[in-house]
Amino acid sequence: MKKNRILVSIVGIVVILALTLTGCGQKTTTTKEKYPTKPLNMIIAFSAGGSSDIQARIMQKYWNKYVPEQPWVFNYTTGAGGAIGFGAIAKAQPDGYTLGGVNTPHMIIQPMGQGAEFKIDDFQYIAQVVNDPQVLAVHKDSQFKTWQEAIDFAKANPKKLKVGIVGTYTGHHMMLLDLQAKTGIDVTQVVYKGAADQNAAILGKEIDLMVGNVNDVMRSTDNMRILGVAAEKRSEFLPDVPTLKETGLDMVSDIRRAFVVPKATDAEKVKFLRDTFKKIQDDPEYLADMKKAGQPTDYMSGEDFDKYVHDQEAINKALLVKFNLMK
């Protein structure tokens, strides 16, 4: 009898312990880290005051509206057509506190052609925010009234047409290569460090033709003649200028700006950033500020932009191979 009572007591203790442990297990929850809890480091791969910086500063204004507790701290990491800054983003601690702006096609072709220390798979893509079409432009007094006249001159005079671009392994460079591939012309390529230098060169008649961006030329139309916009439709900033397609040259070329974080960044933090950037893109005041600054807004989600970047890789690689520019 005594043995039975002892056995029952032991069983009872085991049951109580089991229930207690089960109860503890039910009450245990994982506490999510509040994010963000400190300022974010924003890496800009181009000089302060340039188009990329201006756009990011506009976005910062609206980030502060939706995430007022934690501002951005700007870090200008320039050089090599953006490659140094892009690499700095890729190598940053993936803790959600470093993000940065990237440009295409620069970030796509630099690893292939320049041996840049990053790959397109080194990032999580937050959003595309700008699609800035490229143009062909000449001085207002140029002998060339159309792009066709410039091409005809180049065909008749190999290497005589001087064409200005900003950087190599950049969007300007790729558009010039595409133009050469589609028309068979052979030109003298003149490389400038920035759009301001390039604009000064065309206005000073140092070059005959330039590849530029809508944002870089739209305020200089009194002194330049824009021969065509390399886009599917006319730009709202240059509504009277036809697309190259309209006038017979099948060419679409643009520079897109987006924001990214290092690849290993936590998925919840990536989602927070994507959601916040979408709120900003939907804000009418943000859109008005972008238009005032001449920034051609074109939102694309992080997931869609990731696919776009990978689709463009093969297209750009083919051009680099054609002109023996792959490393």
Residues meeting the amide H criterion for LEU244 (H placed from the backbone, H to H distance under 5 Å, 5 or more places apart or on another chain) are VAL229, ALA230, ALA231
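By the scheme Lys and Arg +1, Asp and Glu -1, what is the net charge of all other residues having a beta-carbon under 13 Å from that of ASP304?
Working: positive: ARG256, ARG274, LYS278, LYS307; negative: ASP298, GLU303, ASP306, ASP311.
Charge balance near ASP304 sits at 0.
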With θ taken as phi - 60° and the coefficients 6.51, -1.76 and 1.60, list the Karplus ³J(HN,Hα) couplings across region 116-127 in order, rounded to whole Hz; mark glycine and proline as x. 4, 8, 7, 10, 5, 8, 8, 10, 9, 8, 8, 5
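Using the scaling law 2.2 N^0.38 Å as the reference, what is the normalised Cα Rg of the chain?
1.36
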Within the under-12-Å Cβ sphere about THR221, not counting THR221, Lys/Arg +1 and Asp/Glu -1 give a net charge of 0
With charges only on Cβ, +1 for K and R and -1 for D and E, what is the dipole size of the chain about its Cα centre, in debye, rounded to 20? 1340 debye
In debye, nearest 20: dipole of region 150-303 around its Cα centre with unit charges on the Cβ of K, R (+) and D, E (-)? 340 debye
Suppose a student asked you for the relative contact order of region 79-154, using Cα pairs under 8 Å spaced at least 6 residues apart; what percent would you report? 25 percent
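With a cut-off of 8 Å between alpha carbons and a minimum separation of six or more residues, what is the relative contact order of the chain in percent?
Relative contact order comes out at 25 percent.
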So how far apart, in nm, are the two label points at LYS279 and ASP266 if each is 7 Å from Cα heading toward Cβ? 1.8 nm
Express in Å², to the nearest 10, the accessible area of LEU136 obtained by rolling a 1.4 Å probe over the protein heavy atoms while all chains stay in place. 0 Å²
Chymotrypsin sites (Phe, Trp or Tyr not before Pro) restricted to region 241-327 and DSSP loop, no more than 16 other C-beta within 10 Å: PHE323
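Excluding LEU238 itself, what net charge comes from residues whose Cβ is under 15 Å from its Cβ, given Lys and Arg +1 and Asp and Glu -1? Intermediate values should be presented prior to the final figure.
Working: positive: LYS140, ARG219, ARG225, LYS233, ARG234, LYS245, LYS291; negative: ASP132, ASP216, ASP222, GLU232, GLU236, ASP240, GLU246, ASP254.
Result for the local shell: -1.
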Express in whole angstrom the spacing between the alpha-carbon centres of region 299-318 and region 41-96. 21 Å
Please figure out what share of the DSSP beta bridges in the chain is antiparallel and state it in percent, rounded to the nearest 5. 65 percent
Accessible area in square angstrom per residue, the chain, 1.4 angstrom probe: 49 Å²
Residue (of SER142, ILE126, LEU177) at the positive-pole extreme of region 108-228, dipole from beta-carbon charges: SER142
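Looking at region 171-249, which trypsin sites (Lys or Arg not before Pro) are in a loop (DSSP not H, G, I, E or B) and have at most 16 other Cβ atoms within 10 Å?
Hits after loop and neighbour filter: LYS193, LYS205, ARG219, LYS233, ARG234, LYS245.
The values are calculated or read from the model by the stated rules, or taken from the named source; none is laboratory data. All values reported here derive from a predicted model rather than from experimental measurement. All Cβ positions, glycine included, derive from the backbone under ideal geometry; neighbour counts span all protein chains shown. These accessible areas exclude ligands, DNA and RNA; they are computed on the full protein's heavy atoms, side chains included. Shrake-Rupley method; radii C 1.70, N 1.55, O 1.52, S 1.80 Å.
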